[in-house]
Amino acid sequence: MHNSVVLGLVILLAIAFDFTNGFHDTANSVAPTIATKALPPRIAVGLSAILNLVGAFLSLKIAATIASGIVDQTHVTLAVVFAGLAGAICWNLTTWYFTLPSSSSHALIGGVIGATIASAGSAGVLWHGVVSKVVVPGVLAPLIALVLAGIATRICRGLLAGTGVQERGIGLRIAQIGASSLQSIAHGTNDAQKTMGVLTLALIANGTIATDSTTPSWVVITCAVAMGLGTFIGGWRIIRTMGHGFTELDPVAGLSAQLSSSVTILTSSHFGLSLSTTYVATGSVIGTGVATKGRAVRWGLAGRAGIAWLITLPVAGLVGALAYGVEALLGATFGAIVLGSVVALYSGSLFWLASRSPVTSSNVNEPWSTELGLEQVEAGA
Amino acid sequence: MIAKVAATQAVPTPFVDWNTLGKVIGVSLAAGIGLILIVSLSIISYDWAKRSSSGVSVRVAGWVLTVVSLAGIASALIWGLLTILKKG
């Protein structure tokens, strides 16, 4: 079925999702580096953007799938992809506005599940896959990272206690930059390829390219650039939460968090298990706080993040289902135009609201008690 | 025959792949702790190598250990990059 208007809007939405994925997930790799001043904020984010871009081009074995093993791929139409992307973007921007880290991949999966249920009923969802690929890893990822980061912090703090300040500072700084760089490359390779897969799938579903076609170069370049740009813009609100909100990070804690995140993510990749980078990074940061005497973890904020994680799938799914319903009601083309406009309007409103209490590279490292963004709620806690 | 069919059907796909999860948890903990030990060792040995109050033998040992531990860190980085490439 050819529908150039819907395809064009799917492409726009996929690029927008890739962009939000970039700036939403920047914090995972750079927040400790920025919070401990291992690198200046702009340099850290710029380096991460370049490495995300490099990562996106590192390997191009792109699978033209979306939520593979989680929804029955025969039900994945252009309309389902469109609705799923709408749900994911809305959730990504909402959590960004509320300064909460949450998984972009889970948001996309949630959106697609919702749209699939609206399109084909719950039989279109492979619930076994939802539990084994999303729910169980989603619960375990932060716990594994929390324990590992806690142990790493204790070991590192104990061993480095007697070393010279200057030598320790240089070593920790270099190690932090290395761990952060590795995470950025991994993110670029992993997440940019997901969007490349979504776009390839959309082009196949529309009949624009043949089923056995390779991903067009323009798709690869566009996705890589969108992810890199999103990372470069920097999701400062979430960087601040990750770097200062959950707990205050010193260089030892920063290194422990980043090493734990890198090792957990790469080990799970090695064994073919996909863990959410966001959940791992958050668990690591909280783990360093738990393991450090006298350094409080702001459990109220951690609880809010936990609630956001719990409702990611249902809320993105609900938006995805509603979006599919609108498309079904208004027709594919008109429905997609209306939905695209609604998503653009909603996104614009959140950016406008966020601009009233901006978090930027210049104030990202201010003490947490300072009222920036929405954290005045936490400041009193 | 019936028993054979029943036996085949009685092996369901595991709902959660505990085997892989166990490997991820075990290897993550071992590799993470190993890596933090190596990084700490590199910083400690660099400190020995740079400390002017140390004797010559301690400083030489410090440099040797720094190089060895840095090689360990480099190996970990290469493994990480290879894992990223393999997955991609």
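Some observations on this one:
- Taken residue by residue, the range A:364-374 has no member that is more than 16 Å from A:E248 (Cα to Cα), touching a helix residue (DSSP H, G or I) at 6+ places or on another chain (Cβ under 9 Å) and not in a loop (DSSP other than H, G, I, E, B).
- Test for A:A88: is it of a type in the set (A, V, I, L, M), under 18 Å from A:A336 (Cα atoms) and more than 16 Å from the chain's Cα centre (by Cα): no
- Only a single item in (1) buried (at least 24 other Cβ atoms within 10 Å of the Cβ); (2) at pLDDT 90 or above is not met by A:S268, and it is number (2).
- The residue list A:T241, A:T214, A:T208, A:T277 contains one member that is in contact with an Asp or Glu (Cβ under 9 Å, 6 or more places away or on another chain) and either small (G, A, S) or more than 25 Å from A:I155 (Cβ to Cβ) (or both), which is A:T241.
- Residue within the range B:13-34 that is closer than 17 Å to A:L160 by Cα, among the β-branched types (V, I, T), facing chain A (nearest Cβ under 7 Å) and in contact with an Asp or Glu (Cβ under 7 Å, 6 or more places away or on another chain) present: no
- Members of the range A:303-339 found to be in contact with a Ser or Thr (Cβ under 8 Å, 6 or more places away or on another chain) and closer than 30 Å to A:R157 by Cα, listed by number: A:A305
- Helices (runs of 4 or more DSSP H) contained entirely in the range A:244-344, each with at least 2 residues that are under 30 Å from B:I78 (Cβ atoms): A:251-270, A:277-291
- Each residue in the range A:163-180 was checked for being among the hydroxyl-bearing types (S, T, Y) and within 9 Å of chain B (Cβ to nearest Cβ), and 1 of them qualify.
- Of the residues making up the range B:60-71, those that are more than 16 Å from A:I170 (Cα to Cα) and loosely packed, with under 15 Cβ neighbours inside 10 Å are B:V60, B:V64, B:V68, B:A71.
- Check on B:V5, modelled with pLDDT under 85, in a loop (DSSP other than H, G, I, E, B) and loosely packed, with under 15 Cβ neighbours inside 10 Å: no
- A Cβ distance below 6 Å, combined with a sequence gap of six or more or placement on separate chains, defines the contacts here; from the range B:50-78, residues that are in a helix (DSSP H, G or I) reach residues that are surrounded by 15 or more Cβ atoms within 10 Å (Cβ to Cβ) and not hydrophobic (A, V, I, L, M, F, W, C) in the pairs B:K50/A:E167; B:G62/B:S45; B:L65/B:S45; B:T66/B:S42; B:T66/B:S45; B:T66/B:Y46; B:S69/B:S42; B:L70/B:S42.
- Hits in the range A:81-138 - residues which are within 14 Å of another protein chain (Cβ to nearest Cβ), farther than 13 Å from A:W309 by Cα and either among the charged types (D, E, K, R) or in a helix (DSSP H, G or I) (or both): A:W127, A:H128, A:G129, A:V130, A:V131, A:S132, A:K133
- From the options A:G197, A:G188, A:G158, residue that is surrounded by fewer than 24 Cβ atoms within 10 Å (Cβ to Cβ) and either facing chain B (nearest Cβ under 10 Å) or over 29 Å from A:L85 (Cβ atoms) (or both): A:G158
- Here A:L350 meets the list (1) surrounded by 15 or more Cβ atoms within 10 Å (Cβ to Cβ); (2) in contact (Cβ under 8 Å) with a residue 60 or more places away in the chain; (3) farther than 19 Å from A:S103 by Cα almost entirely, failing just condition (3).
- Residue list for the range A:57-80, restricted to those being part of a loop (DSSP other than H, G, I, E, B) and over 18 Å from A:T312 (Cα atoms): A:S59, A:L60, A:K61, A:I62, A:A63, A:A64, A:T65, A:G69, A:D72, A:V76, A:T77
- Qualifying residue in the range A:116-130 (condition: modelled with pLDDT of 90 or more and surrounded by 24 or more Cβ atoms within 10 Å (Cβ to Cβ)): yes
- Residue in the range A:215-234 that is under 19 Å from the mean Cα position of the chain (by Cα), at pLDDT below 90 and crowded, with 24+ Cβ neighbours inside 10 Å present: yes
The values are calculated or read from the model by the stated rules, or taken from the named source; none is laboratory data. Quantities reported herein were computed from a predicted structural model and do not represent experimental measurements. Backbone-built Cβ (ideal geometry, glycine too); neighbour counts: all protein chains shown.
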